[in-house]
Amino acid sequence: MPVKILADSASDLPKNFYSDHNVTLFPLKVQVNGQEYEDIITIDPKTVYDSIRGGDLPKTSQVSPLLFEEVFTKMAENNEDGIYIAFSSELSGTYQTSVMILDQVKEKYPNFNLTIVDTKCASLGFGLVVKEAARLAVENVSKEEILKDVLFRSQHMEQLFTVEDLDYLAKGGRVSKASAFLGGLLNIKPILNVEDGKLVPIEKIRGKKKVYRRLVELMKERGEDFSHQVVGISHADSEDTLLEVKSLIEEELHPKETYISNIGSVIGAHTGPGAIAIFFLSKLPSE
């Protein structure tokens with residue numbers, strides 16, 4: 001029986017990916033205008049971005065513990081082996097909750113063979129890890145080999161973000177309100193990196209065009225052999241910018257493939273509309 005792959009919605013993969021690749025989806029939750037939704041399943045990112053533009057501040061919460069218990073118990077009863085690839089523990093309590101529920105399930109089913117991995121990744125950086133694991137599972141690769149690949153990609157995933165408006169990050173406590181105000185006056189755009197699972201500002205650039213060119217420069221500095229890797233780009237309701245950045249990357253770096261997705265409702269609730277994120281490996285796995 002193939003290894004079962006499980007992932008949560010913060011991977012920002014499209015809804016059909018999960019059904020097409022037999023990957024179990026754990027949705028995080030989003031609260032918009034006082035109503036709670038399941039990410040991907042009952043809400044789409046545009047709804048979140050439109051609500052933010054209208055002045056709402058969406059709230060997010062982790063995967064339901066009851067859902068973890070239900071899925072893990074069913075897998076244990078069916079003697080299924082699995083890998084749950086999880087959103088960074090530094091950005092959500094989802095990983096910790098899943099570990100707690102797994103411990104409870106294993107009290108009744110001590111032989112249940114499920115491994116939970118804290119990717120320390122977010123959005124499509126996390127998604128690219130899941131995507132490759134799902135491909136390997138379909139090919140009946142052993143659990144040990146899939147885990148090795150998941151851990152390698154998680155460790156070497158570069159994750160660069162820039163946002164349209166610093167105010168969104170200020171509201172989430174990522175930058176100071178004074179910095180956001182000054183940034184708005186001077187057209188300063190931040191570049192942020194996911195470091196050890198946390199979103200950390202690394203540079204401030206004045207002007208959109210310069211930001212996008214700097215992102216490509218950072219890719220050159222940090223990446224390895226783009227002709228042999230998939231580059232991920234995700235966007236927050238900003239398709240024109242996405243196409244501009246995609247074109248720059250393909251002209252300069254000639255990646256093997258460019259994979260595109262929306263920044264989902266959960267991540268987008270914190271970045272706000274207009275964000276762009278780029279994902280690639282600093283080192284390629286050995287064959």
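The values are calculated or read from the model by the stated rules, or taken from the named source; none is laboratory data. The shown structure was predicted, so the numbers you read here are calculated from the model rather than taken from an experiment. FYI the Cβ positions are ideal-geometry reconstructions off the backbone, even for glycines, and counts take in every protein chain you see. Just the protein is used for accessible areas: all its heavy atoms, side chains included, with ligands, DNA and RNA removed. Shrake-Rupley method; radii C 1.70, N 1.55, O 1.52, S 1.80 Å.
Pairs, please: C-beta under 7 Å, at least 6 apart or cross-chain, first residue over 19 Å from His235 (Cα atoms) and in the range 247-264, second open to solvent by 50 Å² or more (accessible area, probe 1.4 Å) and hydroxyl-bearing (Ser, Thr, Tyr)? Short answer, once both residue conditions are applied: His254/Ser227; Lys256/Ser227.
Out of the residues in the range 91-118 that are touching a residue at least 40 places away in the same chain (Cβ under 8 Å) and assigned to a loop (DSSP other than H, G, I, E, B), state the one that is farthest from Leu6 (Cα to Cα). Among residues in the range 91-118 that are touching a residue at least 40 places away in the same chain (Cβ under 8 Å) and assigned to a loop (DSSP other than H, G, I, E, B), the one farthest from Leu6 (Cα to Cα) is Leu91. Taking the range 78-90 as the range and being surrounded by fewer than 21 Cβ atoms within 10 Å (Cβ to Cβ) and either touching a Cys at 6+ places or on another chain (Cβ under 8 Å) or more than 23 Å from Pro2 (Cα to Cα) (or both) as the test, the residues that pass are Ser89, Glu90.
In the range 277-284, is there at least one residue being under 15 Å from Glu158 (Cα atoms), of a type in the set (Gly, Ala, Ser), in a loop (DSSP other than H, G, I, E, B) and touching a helix residue (DSSP H, G or I) at 6+ places or on another chain (Cβ under 6 Å)? Yes, because at least one residue in the range 277-284 is under 15 Å from Glu158 (Cα atoms), of a type in the set (Gly, Ala, Ser), in a loop (DSSP other than H, G, I, E, B) and touching a helix residue (DSSP H, G or I) at 6+ places or on another chain (Cβ under 6 Å). Contact map, the range 216-235: residues that are over 17 Å from Ser286 (Cβ atoms) and open to solvent by less than 20 Å² (accessible area, probe 1.4 Å) paired with residues that are hydroxyl-bearing (Ser, Thr, Tyr) and part of a helix (DSSP H, G or I), Cβ distance under 8 Å, separation 6+ or inter-chain. Pairs shown: Ser234/Ser123; His235/Thr241. Being touching a Lys or Arg at 6+ places or on another chain (Cβ under 8 Å), surrounded by 23 or more Cβ atoms within 10 Å (Cβ to Cβ) and within 21 Å of Leu218 (Cα to Cα) is the requirement here; does Leu128 meet it? So Leu128 passes the test. Count of the range 119-131 residues, restricted to those that are touching a helix residue (DSSP H, G or I) at 6+ places or on another chain (Cβ under 6 Å) and within 18 Å of His21 (Cα to Cα), is 4. Being in contact with a strand residue (DSSP E or B) (Cβ under 7 Å, 6 or more places away or on another chain), open to solvent by less than 10 Å² (accessible area, probe 1.4 Å) and in contact (Cβ under 8 Å) with a residue 40 or more places away in the chain is the requirement here; does Ile276 meet it? Judged against the criteria, Ile276 is a match. Close contacts from the range 45-68, counting a first residue that is farther than 16 Å from Ser9 by Cα and without any contact (Cβ under 8 Å) to a residue 40 or more places away in the chain and a second that is open to solvent by less than 30 Å² (accessible area, probe 1.4 Å) and aliphatic (A, V, I, L, M), with Cβ to Cβ under 6 Å and a gap of 6+ residues or different chains, come to Ser51/Val32.
Just so you know, in the range 249-264 the residues that are in a strand (DSSP E or B) and more than 15 Å from Leu284 (Cβ to Cβ) include one that is most open to solvent (accessible area, probe 1.4 Å), and it is Asn262. Using the structure shown, decide if Ile202 is at pLDDT below 95, under 23 Å from Thr119 (Cβ atoms) and either part of a helix (DSSP H, G or I) or small (Gly, Ala, Ser) (or both). Taking the combined requirement at face value, the residue does not satisfy it.
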